[in-house]
1. Given only helices, namely DSSP H runs of n ≥ 4 each adding -39500 (n - 2.57), what is the per-residue ellipticity at 222 nm of the chain, to the nearest 500 deg cm²/dmol?
2. Net charge around Ala30, counting only other residues with Cβ within less than 14 Å of its Cβ (Lys, Arg = +1; Asp, Glu = -1)?
3. Roughly how many nanometres apart are two label points built 7 Å out from the Cα toward the Cβ at Val38 and Ala51?
4. Run the numbers for Ala22 and Asp149: contour at 0.36 nm per residue of separation, minus the present Cα-Cα distance, in nm.
5. Which whole-number percentage describes the relative contact order of the chain, with Cα contacts under 8 Å and a sequence gap of 6 or more?
6. Compute the angle between helix 119-142 and the longest alpha-carbon principal axis of the chain, please, reported from 0 to 90 degrees and rounded to the nearest 10.
7. Which residue fluctuates the most in the chain, going by a Gaussian network model with Cα springs under 10 Å, if the choices are Ala60, Ala128, Ala35?
8. Of Asp50, Asp24, Asp74, which has the largest mean-square fluctuation in a 10 Å C-alpha GNM of the chain?
Amino acid sequence: MKTPARQQSAPRGGRESSNGTAIDAARIIAKQCLAIRVRRLQRSLTRLYDAALRPHGVSAAQLGVLVAVALATDAQPKALCAILDIEKSTLSRNVALMVTHGWIDARRSGRSQILRLTASGATILASALPAWHRAQRQAQRLLSESTVDSLRHSWNMAS
């Protein structure tokens, strides 16, 4: 007995209906997802800061590590990972590069590692400050005042 043509062309396992459901879900997520928008905003802001800091030879990510090390007393990688909310491997890559540049000193203290800002690292922080200010003003123009205030009060590595 021959199967009707319509049934022959229908995908197996109900894929047509699940594909329709997936498309509907994708549309809803695309229109409403805050995580997607925040990740895109984060990438845009990172590009803005990276461009401003490039003449100083430092990236926005590296600047964050330098700031955290400068503010910490005898900074340990585990604590810095918690402060910066980054993976150990990400911190390790940045620290290795900054040690090579002479911006951070990494020494063993028993079983742990102690990170300290060097004079060269302090110079980078000080010399990059005007460029950081320019990037900060640009970023603030991109965001609403209430968003900037919320971000300023949401997390403070200096406390």
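1. Numbers: 8 runs with 111 residues, N = 159.
That calculation yields -22500 deg cm²/dmol at 222 nm.
2. Working: positive: Arg27, Lys31, Arg37, Arg39, Arg40; negative: Asp24.
So the surrounding residues net to +4.
3. A separation of 2.5 nm, rounded to one decimal place.
4. Values: separation 127, 0.36 × 127 = 45.72 nm, distance 3.69 nm.
Separation in residues times 0.36 nm, less the Cα-Cα distance, equals 42.0 nm.
5. About 22 percent, as a whole number.
6. That works out to roughly 40 degrees.
7. Ala35
8. Residue with maximal mean-square fluctuation among Asp50, Asp24, Asp74: Asp24.
Each value in this text was obtained by applying a stated rule to the coordinates, not by laboratory testing. All values derive from a computational prediction rather than experimental measurement. Virtual Cβ from ideal backbone geometry, glycine too; neighbours counted across all protein chains shown.
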